[in-house]
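Peer 1: Below: one structure in structure tokens.
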Amino acid sequence: MSSISGETPEIDLDALTRKYEEERAKRLRAEGLGQYREAKGEFARFAQDPNSDPDFARDPVRRDANVLIIGGGFGGLLAAAHVRREGVEDIVIVDRAGDFGGTWYWNRYPGVRCDVEAYVYVPLLEETGFVPSEKYAKGAEIQHQCRLIGEHFDLYRGALFRTSIETLDWDEARQRWIVRTDRGDEIAAKFIVSATGHYSSLKLPGIPGIEQFAGPSFHTSRWDYRVTGGDADGELTGLAGKRVGVIGTGSTGIQCVPPLAEWAEQLYVFQRTPCSIDVRGNRPTDVEWFTSQSPGWWQERVENFTNWTSGIQKGEDLIADSWTNLLGEPTAVAGGVVGEVDPAEMLRAELLKMEKVRQRVDTIVEDKAAAEALKPWYHYFCKRPGFSDDYLQTFNRPNVTLVDTGGQGVERITASGVVVGGTEYPVDVLVFATGFEFMTSYTREAGFAITGRNGLSLDEHWSHGAHTLWGMQTRGFPNFFLMSLLQSGVSINYMHIADAQTRYIASVIGHCLREHVATVGPTAEAEDAWVERIVSLSGARKAFLQACTPGYFNQEGQPQPEFELNIPFGGGPHEYLDLVRAAREGGFVDVLEFTQPARTGE
Ligand code: NDP
């Protein structure tokens, strides 16, 4: 028997490996990603915006713009803020939502919060003066900060909300992107920043009978408060006397289950795979401490968080939470994404962590069968870790039933209930906490077609996998910047990466506008070198994910053939951030090629 010891509890590595493999095998499905449904066609209503006026109308916009940004979430807002700082006035932000906020506009479900500390996750706090009221801020507060950023940088001017891009076509003669929308707009933009988010297309489970359910049903990212009453803080009075079913127990499910349990007469939680639930420890912001921070504190704190979550323990752990002491010492992001710590040390710490997470379930959940079912049996980073001080406790309530599907998922949905293991659980309201498309296809998730030079579509260009420089630019698509996880750096705190990327993008755009550059894109050498580096680092992540329980991280256990290319950068956040910083500070002239207009002064 090989074992992991040196710290309690002792782990039988062979037995654990067998158990992980058994649990993974139960969940593997032949249909892979095909098990999900898009919110289109007969399911289109699931994507409708419950917070926006359905009768909204406006005249089409026809104009030129210097910079058009797709997406009014933090990615787009950061891009706009940094571009504004370059002195660019003419910025248009387009978003299908009714306001700024991105994921925080859409996700208004009860209990929604950010699971990364607000003081490092929420950007531009020093600029707007906003003080998050808690360490882990509520979604509504975060969306409020998005609106403040919009006001502070005067981004509402020219913003087009409730507007979906349909096509982006590069016009070589005009050297502009022609952007067409579902509201008949036609905007000729010199530069495009596509910041469409990582979780922007909701997905539904293709459970037989899903279309037959007769009662109200909705996805968590389109929460229907007309049905439940109340708001994200609770008071879900519309659920009085109602039997509610929630399908999905990921990061979203674990946040909305406790308030649902409080207001529904009966709550059924349908679980396929349990989330790992570690301590949360939320607390109110010490406003005196917050307002006494020295200028530049946000950047310093953000760097501290990234250091502590990627194996570089320099100085004090300022955040000191379940992310930064995730694996005890040393902490590191696992899963082959970030490799700044000895892999053997990592594995040991991660297995012990998961064991403690399982033990925590026993200390909280009173019903033994429910406690067993709530224990996660997979490597810590196979799924996004969860943190909660009230989710597990919910299963001690008399009106809450955990319906564990033994890894198989819900069997069937009928007009009036949900069937698991041949038993029908009657429900009046059904909530899908079933997540989002993730790194399927850039244009599929974004929802519009992109056509670059010589009529080449981005889908065709990347049909055998993505080719980019630092995940932000791709040859053949001049003056086009994208923000996605493909070949991009990653950190647990997405905002660290997004801030660095948008500073780089703004600095290139500022340079091009000042120098009257017509087009900019990566050189072949620079792009090829980056792609080569991505591929050379992909092995560790591939091996890790192939052994993982199915989920959206590993395309439901069936990684795509283009996996080596369609992944984030595997070298850790620091190398990526250093590269992007050096590029922003002027290094971009060596990796980008610029063309001058046929005549200047356009
Ligand atoms: P996930 O994809 O993480 O979870 C979907 C859930 O639905 C899983 O539990 C899945 O089970 C379950 N499911 C899918 N199909 C079925 C089925 N047929 N029967 C039963 N169950 C089913 O989506 P989330 O919305 O929870 O989270 C998505 C991401 O959004 C997170 O990983 C995180 O990155 C982000 N997020 C961030 C938050 C934050 O605080 N920063 C908060 C919330 C979300 P299985 O696991 O077996 O696939």
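Peer 1: Can you tell me which of 97-109, 162-174, 52-64 comes out highest on packing, and rank the rest after it, using the mean Cβ neighbours within 10 Å?
Peer 2: Details: 97-109: 23.6, 162-174: 16.5, 52-64: 10.9.
Ranked from most to least packed, the peptides come out as 97-109, 162-174, 52-64.
Peer 1: Under the definition of Cα pairs under 8 Å and six or more residues apart, what whole-number percent is the relative contact order of the chain?
Peer 2: Relative contact order here is 18 percent.
Peer 1: Between Ala543 and Tyr156, what length comes free when the chain is fully extended (0.36 nm per residue of separation minus the Cα-Cα distance, one decimal in nm)?
Peer 2: Working it through step by step, the gained length comes to 134.8 nm.
Peer 1: Quick one: net charge of Gln293's neighbours, Cβ under 12 Å, K/R +1, D/E -1?
Peer 2: Once all neighbours under 12 Å are counted, the net charge is -3.
Peer 1: Taking the mean number of other Cβ atoms within 10 Å as a proxy for protection, how do you rank 533-540, 12-19 from highest to lowest?
Peer 2: 533-540, 12-19
Peer 1: Considering only protein heavy atoms, with the full assembly of protein chains and a 1.4 angstrom probe, order Lys353, Lys138 by accessible area, largest first.
Peer 2: Output order, biggest surface exposure first: Lys138, Lys353.
Peer 1: Going by the alpha-carbon gyration tensor, a ≥ b ≥ c the square roots of its eigenvalues, is region 113-243 rounded (a/c under 1.5) or, if a/c is not under 1.5, prolate (a/b greater than b/c) versus oblate?
Peer 2: oblate
Peer 1: Using a ≥ b ≥ c from the Cα gyration tensor of region 1-112 (square roots of the eigenvalues), is it rounded, prolate or oblate, where a/c under 1.5 gives rounded and otherwise the larger of a/b and b/c decides, a/b for prolate?
Peer 2: Since a/c reaches 1.5 and a/b is larger than b/c, the shape of region 1-112 is classed as prolate.
Peer 1: What FRET efficiency comes out for the pair Leu347/Asp14, r = Cβ-Cβ distance, R0 = 22 Å, nearest 0.05?
Peer 2: After rounding, the FRET efficiency stands at 0.95.
Peer 1: When the scattering of region 398-462 is computed by the Debye formula from its Cα atoms alone, each counted once and equally, what is log10 I(q)/I(0) at q = 0.12, 0.18, 0.25 Å⁻¹?
Peer 2: One equal scatterer on each Cα of region 398-462 leads to -0.56, -0.76, -1.12.
Peer 1: I'd like the isolated cysteines in the chain, meaning no second cysteine's beta-carbon lies under 4.7 angstrom from theirs.
Peer 2: Cys114, Cys146, Cys256, Cys275, Cys512
Peer 1: Taking a probe of 1.4 Å, how large is the accessible area per residue of the chain, in Å²? Could the numbers behind the result be given before it?
Peer 2: On the way: 23300 Å² over 602 residues.
On a per-residue basis, the chain sits at 39 Å².
Peer 1: Also: Mind checking which aspartates and glutamates have their Cα closer than 16 Å to the Cα of Lys203? Skip sequence neighbours fewer than 8 apart in that chain.
Peer 2: List returned: Glu31, Glu38, Glu42, Asp49, Glu211, Glu437, Glu445, Glu556.
Peer 1: Moving on. Rounded to the nearest 5, what is the percent of antiparallel bridges among the DSSP beta bridges in the chain?
Peer 2: 45
Peer 1: Assign one of three labels to region 68-161, namely rounded, prolate or oblate, based on the Cα gyration tensor with a ≥ b ≥ c the square roots of its eigenvalues; rounded applies when a/c is under 1.5, prolate when it is not and a/b is larger than b/c, and oblate otherwise.
Peer 2: oblate
Peer 1: Taking every pair of distinct Cα atoms and averaging 1/r, then inverting, what Kirkwood hydrodynamic radius in Å comes out for the chain?
Peer 2: Numbers: mean 1/r = 0.0398 Å⁻¹.
For the chain, the Kirkwood estimate is 25.1 Å.
Peer 1: For Met439, Met354, give the ranking by accessible area with the largest first, probe 1.4 Å.
Peer 2: Working: Met439 35, Met354 0 Å².
Of Met439, Met354, the descending order of accessible area is Met439, Met354.
Peer 1: Determine the share of the chain's accessible area contributed by carbon and sulfur atoms, expressed in whole percent, with a 1.4 angstrom probe.
Peer 2: That share works out to 49 percent.
Peer 1: May I ask you to rank Leu318, Leu392 by accessible area, largest first, using a 1.4 Å probe over the protein chains only?
Peer 2: Leu318, Leu392
Peer 1: Let me ask something additional. Considering amide H positions built from the backbone, and no H for Pro or chain starts, which residues 5 or more places from Phe436, or on another chain, come under 5 Å of its amide H?
Peer 2: Lys203
Peer 1: Based on DSSP H runs of at least 4 residues, each adding -39500 (n - 2.57), what is the mean residue ellipticity at 222 nm of the chain after dividing by all its residues, to the nearest 500 deg cm²/dmol?
Peer 2: -9000 deg cm²/dmol
The values are calculated or read from the model by the stated rules, or taken from the named source; none is laboratory data. Everything numeric here is computed off the predicted structure, so don't read it as measured data. Heads up, the Cβs are rebuilt from the backbone with ideal geometry, glycines too, and the neighbour counts pull from every protein chain shown. Just the protein is used for accessible areas: all its heavy atoms, side chains included, with ligands, DNA and RNA removed. Shrake-Rupley method; radii C 1.70, N 1.55, O 1.52, S 1.80 Å.
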